[in-house]
Structures are given as structure tokens and as C-alpha cells.
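The values are calculated or read from the model by the stated rules, or taken from the named source; none is laboratory data. This is a predicted model, so every value here is computed, not measured. Every residue, glycine as well, gets a Cβ built from its backbone with ideal geometry; the counts of neighbours run over all protein chains shown.
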Amino acid sequence: MPDQTTPKKITMSRESEGVYTVTTESGAQLTFGRGEGLVSPVEMLLAAIAGCSSIDVDMMTTRRAEPDTFEVTATAEAVKNDEGNILREIQVAFDLAFPEGEDGDKARARVASALKASHEKYCTVSRTVEAGVPVSLVEKV
């Protein structure tokens, strides 16, 4: 299949030192940064990876049954060295439970394939991280 491209864009503005607000094209906003009560950019990256896969797995399993438990934990090792800062050992753990019965059994049977499909095909965030897509920082003049 030929590439189908869709532009994506966010706008970020500084609220105060270390505090920023991102606004999506649809108008949704999220405040983040460094400091008490703020989600850090690294935490947002982990949340984006976990969230992207969660949406995939949710859609693929809950058609069969509504989960009793749907909790996802993303972890990583933050490494600082002479080469620069990076995350290693990123892991997303799904704690899923479905009700007893035929529909719950169908949902449980779908979990492994949903995780695989999300990781190998659908989760844009983790697939982009794993692909090592270049990022460029440019000054707007």
C-alpha cells in the first residue's frame, strides 16, 4: 500500500518558567513541565506510549466484554551519561481482567493478539520510538 500521510501539529506556549501548555489542533490542552504537580515531558512520553497501545488493546478487546480491570503501567530507566540523556528498557505492562463467562473468555482470548497487533502495526508512538525517526529542532525566523 502506498504511504497515506496526515499532517499532525501541536502548539506549545510558555506559561512561566518550566511550565508550558500544549494545544492540539482540536483545541484540547495539557499543562506540563518541571515542578510540583506537573507531568514532565519524559512522563508524557511514557504516557503517550502506554496510551497509544491502550487505545488499541481497548478497542480490540472490549468489543467482546467490558473489562473489570484495565490498568497500564509504563516504566523505563532514565540514563544520563557523556553521550546525553536517554530512556532505556521501556516496558508497558497491561493488567487486564474480564468478567467470567463466554464474553469475558472471548476478550481474554483476544489480549495477546491485540498486544502484538498494537506493537507491530498500530501504535504510532511506540513504533516511531523504535524506528528511531530523526527529530529536528529549528529556529523560526
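What do you reckon, is ARG63 without any contact (Cβ under 8 Å) to a residue 60 or more places away in the chain, of a type in the set (Lys, Arg) and surrounded by 14 or more Cβ atoms within 10 Å (Cβ to Cβ)?
So ARG63 does not fit the description; no.
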* Can you name the condition, by its number, that GLU89 falls short on among (1) assigned to a helix (DSSP H, G or I); (2) at positive phi; (3) acidic (Asp, Glu)? -> (1)
* Asked: Is it true that some residue in region 40-48 is out of contact with any strand residue (DSSP E or B) (no Cβ under 8 Å at 6 or more places or on another chain), outside any loop (DSSP other than H, G, I, E, B), assigned by TED's automatic domain parsing to the domain that holds GLU120 and within 19 Å of SER118 (Cα to Cα)?
  -> yes
* Asked: From the residues in region 66-86 that are touching a strand residue (DSSP E or B) at 6+ places or on another chain (Cβ under 7 Å) and not in a strand (DSSP E or B), which one is surrounded by the most Cβ atoms within 10 Å (Cβ to Cβ)?
  -> PRO67
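Collect the residues in region 1-20 that are part of a loop (DSSP other than H, G, I, E, B) and either aliphatic (A, V, I, L, M) or surrounded by 10 or more Cβ atoms within 10 Å (Cβ to Cβ) (or both), keeping them in residue-number order.
Filtering region 1-20 for residues part of a loop (DSSP other than H, G, I, E, B) gives 1-9, 17-18.
If the condition is that a residue be part of a loop (DSSP other than H, G, I, E, B) and either aliphatic (A, V, I, L, M) or surrounded by 10 or more Cβ atoms within 10 Å (Cβ to Cβ) (or both), then MET1, GLY18 are the ones that fit.
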* One residue from GLU83, GLU77, GLU66 being at pLDDT below 95 and in the same structural domain as LYS121 (by TED's automatic domain parsing) -> GLU83
* Asked: For region 124-141, which residues satisfy the criterion of being assigned to a loop (DSSP other than H, G, I, E, B), at negative phi and not charged (D, E, K, R)?
  -> VAL133, PRO134, VAL135, SER136, LEU137, VAL138, VAL141
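Give me a count of the residues in region 50-65 that are assigned to a helix (DSSP H, G or I) and among the charged types (D, E, K, R).
The initial filter retains those residues of region 50-65 that are assigned to a helix (DSSP H, G or I), namely 50-61.
Now drop any that are not among the charged types (D, E, K, R), which leaves 56, 58.
Qualifying residue count for the region: 2.
Of all residues being part of a strand (DSSP E or B) and in contact with a helix residue (DSSP H, G or I) (Cβ under 9 Å, 6 or more places away or on another chain) in region 94-123, which is surrounded by the fewest Cβ atoms within 10 Å (Cβ to Cβ)? Just the residue, please.
Start the filter on region 94-123 by keeping residues that are part of a strand (DSSP E or B), which leaves 94-97.
Remaining after also requiring in contact with a helix residue (DSSP H, G or I) (Cβ under 9 Å, 6 or more places away or on another chain): 94, 96-97.
Values: PHE94: 18, LEU96: 19, ALA97: 12.
Taking the candidates together, the pick is ALA97.
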* Asked: Which residue pairs have Cβ atoms under 6 Å apart, sit 6 or more places apart or on different chains, and have a first residue in region 78-98 that is in contact (Cβ under 8 Å) with a residue 40 or more places away in the chain and a second that is surrounded by 10 or more Cβ atoms within 10 Å (Cβ to Cβ) and among the hydroxyl-bearing types (Ser, Thr, Tyr)?
  -> VAL92/SER53
* Does VAL72 meet the test of being touching a residue at least 12 places away in the same chain (Cβ under 8 Å), within 30 Å of MET1 (Cα to Cα) and aliphatic (A, V, I, L, M)? -> no
